[in-house]
1. Could you please let me know if Phe304 is buried (at least 19 other Cβ atoms within 10 Å of the Cβ), touching a His at 6+ places or on another chain (Cβ under 8 Å) and more than 26 Å from Ala213 (Cα to Cα)?
2. Looking only at the range 111-152, count how many residues are basic (Lys, Arg) and buried (at least 16 other Cβ atoms within 10 Å of the Cβ).
3. Tally up the residues in the range 111-153 that are in a loop (DSSP other than H, G, I, E, B) and free of Cβ contacts under 8 Å to residues at least 12 places away in the same chain, please.
4. Would you confirm whether or not the range 61-69 contains a residue that is surrounded by 22 or more Cβ atoms within 10 Å (Cβ to Cβ), modelled with pLDDT of 95 or more and in a loop (DSSP other than H, G, I, E, B)?
5. Please state which of the following conditions Ile330 fails to meet, knowing it meets all the rest: (1) modelled with pLDDT of 95 or more; (2) within 26 Å of Tyr248 (Cα to Cα).
6. Would you confirm whether or not the range 301-315 contains a residue that is assigned by TED's automatic domain parsing to the domain that holds Glu236, without any contact (Cβ under 8 Å) to a residue 60 or more places away in the chain, part of a helix (DSSP H, G or I) and in contact with a Lys or Arg (Cβ under 9 Å, 6 or more places away or on another chain)?
Amino acid sequence: MTNSLNFARHGDKQNSPFFEEYLQRLLEERDRIGLTDMIYEIDAIMLTVDPGHSIEYIGELCLMTPYHYLVTLESESHWTHVLRIDPLFPDLLVREVKDPKIQGIFRSLNEVYPIGARKPNSRYMGEILRVSDLHGVVELQKEREFRFFSQDQIRKMELPGNLAVGKPSPYTHNVVSYMERHPEQLRVYALGISAIRNDVQDVYLAAKEEQKARQIDDLIYPIDHLATRIYSQNREVAILEWLSLSSYYYWGSYDIKNQNSSTNVTKNVHFSEEVRSPVKVFTANNTPYFVNHLEKLPSPTETFVRNYGPRLHHVALAVKDGERNNMENIEYVVDQIKQAGKDFLLDVIGSKEEGLKQIFSNASDHSSLIIEYVQRFGEFDGFFTKQNVAELTHAAGVADELLELQAESMESDASE
């Protein structure tokens with residue numbers, strides 16, 4: 001039996017007695033009833049974009065990541081494009097809504113937030129976890145009071161019929177889904193009519209040709225981590241909920257005091273390599289927004305959540321250690337992607353001496369997601385330095401402030 005508590009703790013963030021008590025109790029129970037050994041890696045991640053955005057977004061992703069276009073699944077009101085690197089790594093499902101008037105639960109999660117509402121269908125949805133016994137996992141989770149959509153609801157939402165889909169989290173607004181699959185079996189999604197679309201294929205091939213011509217196709221690795229931003233009061237419960245639904249353990253938390261936030265890391269108990277099952281990171285303010293006028297502290301994380309809602313903030317990709325053309329690989333990759341017309345929020349930060357370098361791209365016009373690149377040097381074991389996190393958080397906060405001002409201006413113009 002796996003022992004999910006048998007991992008070293010990292011970080012300096014102090015957790016509450018509630019968190020420490022239930023962390024132990026929940027993971028001990030998860031191990032004892034067999035869930036930890038029935039739930040494995042993240043098999044796929046799902047997101048939705050607004051009408052007319054998926055093709056350009058696939059071109060963007062295929063340039064900036066190692067993903068390849070595989071196939072499109074067409075259902076009545078959606079196209080679902082399947083992107084894949086290799087069967088060992090998570091798939092990416094990019095759903096496009098056909099009709100901008102379509103309403104649904106995922107759209108409703110955007111509409112109450114001022115910037116999120118500007119792209120009402122554009123939303124990261126959540127993860128699909130591979131399991132060895134779908135019925136067994138779902139029944140055990142129901143006994144633990146987790147709720148799932150019915151098969152009829154899954155059909156109406158036009159999600160793959162071979163998934164068990166949990167209800168959206170009240171803390172992250174993401175869903176966790178399960179798919180039964182033996183590791184030697186290919187991933188198959190029971191949804192719609194399968195075809196390779198020529199328009200998507202053309203954009204994909206052009207992106208890969210440019211990647212190769214710029215000599216970055218062998219430098220970008222699969223997803224390293226997924227970073228979700230949540231309200232300050234939900235930090236601990238969001239982590240505990242995710243650990244209860246997955247086979248991840250609590251790696252630790254760091255207090256980033258000069259940005260008034262914390263970075264909280266969870267890793268998969270079955271895979272030591274992040275590329276096999278991405279690390280899940282949760283970022284939250286240390287204080288709620290309504291004390292900012294009293295404390296005069298920065299609040300980029302809470303501001304993001306108030307503008308977009310709790311959601312995934314960025315997808316981080318590892319960059320191969322080494323140099324190309326007398327530049328460290330991350331510097332070379334960023335330089336080439338800039339030349340291809342993509343912008344970044346700041347310069348590459350960190351150093352070889354500190355152990356890693358990192359950078360954030362601008363948020364995508366299609367999904368609002370940021371791409372992060374991270375290059376680790378030598379045997380560096382970790383995801384960030386505190387100074388790097390502070391600089392990245394600050395840069396993203398500045399960009400969000402500009403979007404917030406634009407949203408306020410648009411609302412003001414509309415009311416006049």
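1. In short, yes.
2. Number satisfying all stated conditions: 4.
3. The total comes to 2.
4. The answer is yes; a qualifying residue exists.
5. Looking at each condition in turn, Ile330 falls short on (2).
6. no
One line per residue, one yes/no per condition, for (1) more than 24 Å from Thr172 (Cβ to Cβ); (2) among the basic types (Lys, Arg); (3) assigned by TED's automatic domain parsing to the domain that holds Pro183:
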| position | (1), (2), (3) |
| --- | --- |
| Tyr57 | no, no, yes |
| Glu74 | yes, no, yes |
| Trp79 | yes, no, yes |
| Asp91 | no, no, yes |
| Gln103 | no, no, yes |
| Val112 | no, no, yes |
| Arg123 | no, yes, yes |
| Leu134 | no, no, yes |
| Phe146 | no, no, yes |
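Residue by residue, here is whether (1) out of contact with any Pro (no Cβ under 7 Å at 6 or more places or on another chain); (2) crowded, with 19+ Cβ neighbours inside 10 Å; (3) touching a residue at least 40 places away in the same chain (Cβ under 8 Å); (4) not assigned by TED's automatic domain parsing to the domain that holds Ala44 holds:
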| site | (1), (2), (3), (4) |
| --- | --- |
| Asp255 | yes, no, yes, yes |
| Asn258 | yes, no, yes, yes |
| Ser261 | yes, yes, yes, yes |
| Glu273 | yes, no, no, yes |
| Val281 | yes, yes, yes, yes |
| Glu323 | yes, no, no, yes |
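The values are calculated or read from the model by the stated rules, or taken from the named source; none is laboratory data. This structure is a prediction, so every number in the text was calculated from the model and none was measured. A quick note on method: Cβ atoms are made from the backbone with ideal geometry, for glycine too, and the neighbour counts reach across all protein chains shown.
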